[in-house]
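Everything on this sheet refers to the single structure shown next.
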Amino acid sequence: MKFRIMKKIICLLLIGLLLSCKSTYLDSKKSPALLDITKENDSNAFVNLRNYSSDFVFDMKYATADNFLKEKVYPCDECFLRVKTVKALLEANKSFLTKGFRIKLYDCYRPKAIQKKMWKIVPDANFVANPKKGSIHNRGGAVDISLVDSLGVEVNMGTKFDFFGEEASHKYQNLSEEILANRKFLKEIMLQHNFKSFDSEWWHYNLNGSNKDEVSNQKWRCAD
């Protein structure tokens, strides 16, 4: 009798272990019509930004080798974020659109598995967040962005995305008036829409309070 009970317990434990190891995948298929983000009730759910607006420009650098890692680490160029992040980002982009600009995205949510891959390539916390702690990107609350004008020309921000010199900092002032004004414009609008800047990277913005969200390892299936 005891043997049968122990056998059942072991089987249940094994089933639980298998289920806990099973990967969760996010749907990368684009909706045939734009969806209304206000109808999404779960503010912490992950959604594909492309399904809610066609007014963004996407240049997802880690889906290419055009990044500081010099390697492609994303399987495809998706931009998933938590619902609350998307809501704030849509409102920010509306403000930019009224002024003749739109947001260009370089990076969005990043699964923990990819954070580990990046850490393996560059194991230096000055450039890559240690996956043991995780970054706001792993929590679905961070975006790396720039702006383009009405002709699709990227606004001059002084450095390339993922340039890690002091010139990329918001505090660095030895730049032209045009560049300083462009960074200020980007920062002011984002701060007005519940984001905060990251001092050393002009392109990085975190949704306020997103540091309290859990690190996630939900992966996306690339669309056919």
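Remark: the range 123-177 is approximated by an ellipsoid whose semi-axes, taken from the C-alpha gyration tensor as √(5λ), come to 26, 17, 9 Å, largest first. The order of E167, E177, going from fewest to most other C-beta atoms within 10 Å of their C-beta, is E177, E167.
Among F101, F164, F80, the largest mean-square fluctuation in a Gaussian network model of the chain, built with springs joining Cα atoms closer than 10 Å, belongs to F164. Cβ crowding within 10 Å, taken as a proxy for footprinting-reagent exposure, orders C79, C108 from fewest neighbours to most as C79, C108. Within a straight-line Cα-Cα reach of under 12 Å, K104 can be paired with the following aspartates and glutamates, leaving aside sequence neighbours fewer than 8 residues apart in one chain: D55, D59, D144, D149, E154. When restricted to Cα atoms, the chain yields an Rg and a Dmax of 20.0, 82 Å, respectively. Between their Cα atoms, which of K120/K160; K112/K219; K112/K212; K30/K72; K30/K70; K94/K187 are more than 18 Å away from each other? In this structure, K120/K160; K30/K72; K30/K70 lie more than 18 Å apart at Cα.
A Cβ-based charge dipole, computed about the Cα centre of the chain with Lys and Arg at +1 and Asp and Glu at -1, lands at about 1600 debye. Take the Cα radius of gyration of the range 143-224 and divide it by 2.2 N^0.38 Å, N being the number of residues; the result is 1.27.
The orientation-averaged projection of the convex hull spanning the C-alpha atoms of the range 164-204 amounts to 2.6 square nanometres. Counting only Cβ charges, +1 for Lys and Arg and -1 for Asp and Glu, the dipole size of the range 78-196 around its Cα centre is about 800 debye. The sum of -39500 (n - 2.57) across all DSSP H runs of n ≥ 4, divided by the residue count of the chain, sets its helix-only mean residue ellipticity at 222 nm to -9000 deg cm²/dmol.
Every read-out reported here was derived from the displayed coordinates using simple, explicitly stated rules and does not represent laboratory data. All values derive from a computational prediction rather than experimental measurement. Reconstructed Cβ throughout: ideal geometry from the backbone, glycine too, with neighbour counts over all protein chains shown.
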